[in-house]
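Comments concern the structure below.
The values are calculated or read from the model by the stated rules, or taken from the named source; none is laboratory data. Fair warning: this is a prediction, and the values are worked out from it, not measured in the lab. All Cβ positions, glycine included, derive from the backbone under ideal geometry; neighbour counts span all protein chains shown. The protein model used for the area step is the full one, side chains on, heavy atoms only, and it has no ligands, DNA or RNA in it. Shrake-Rupley method; radii C 1.70, N 1.55, O 1.52, S 1.80 Å.
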Amino acid sequence: MPPAAVAAPDDDAADVRAAADGDRAAFQRLYRRHADRVYGAVYRLAGYDHARAEDLTQDAFIRAWQKLAGFRHESAFGTWLYRLAVNVALMDIRSRGSDPVSTMDDDDLPDHGETPFCAAERDELERAIGKLPPRARAVLVLHDVEGWRHEEIGAELGMAVGSSKAQLHRARGLLRKVLGEAS
């Protein structure tokens, strides 16, 4: 299951109700509480492209504002917003012609034999994840970074649980190849 929201549910609940009634200040508080987490999720799914992640973050909050009246309070607002943001990012991947449930042959990955690499450096890892094909990146990010279960990934990406597990294994192998490690 995705990590719990950073904000206290009581704080969010009051602001969600006020924002649903048109209180822009309440929505701004929600934005400030949740923007970093939303940005982080879409940033990773967007292949670590800052400009694209900023656009997707704004798109997610615009959609949240538009759909706020329909929020049923069955889950925490942060969880609902997070799911909405992930859906925005996945729809963006699809709209760009990169089906997040397609695969890329190993031969299509760039050769990084001459690239200096230190696995402990976060930016190197981010660049490597960003070079994965969309499906591999989506499964790896949702499972290993965002903490989703395979059942959730399968439901979100329209695949069986076993396919999610297989794709995670494939994603990790592709990541090792991108990072220049022996499989």
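Of all residues in region 154-174 being assigned to a helix (DSSP H, G or I) and of a type in the set (A, V, I, L, M), which is nearest to the chain's Cα centre (by Cα)? The residue in question is LEU157. Set side by side, the residues ARG83, ARG17 differ, and just one is part of a helix (DSSP H, G or I), under 18 Å from the mean Cα position of the chain (by Cα) and surrounded by fewer than 20 Cβ atoms within 10 Å (Cβ to Cβ), which is ARG83.
Among residues of region 16-31 that are under 17 Å from GLY70 (Cβ atoms), those with a Cβ under 6 angstrom from a residue that is open to solvent by 50 Å² or more (accessible area, probe 1.4 Å), sequence gap 6+ or separate chain, pair up as ALA20/ALA69. For region 89-107, the criterion of being farther than 29 Å from ALA20 by Cα, at pLDDT 75 or above, surrounded by fewer than 16 Cβ atoms within 10 Å (Cβ to Cβ) and hydrophobic (A, V, I, L, M, F, W, C) is satisfied by no residue at all.
All conditions but one from (1) of a type in the set (Val, Ile, Thr); (2) at pLDDT below 80; (3) assigned to a helix (DSSP H, G or I) apply to ILE129; the one that does not is (2).
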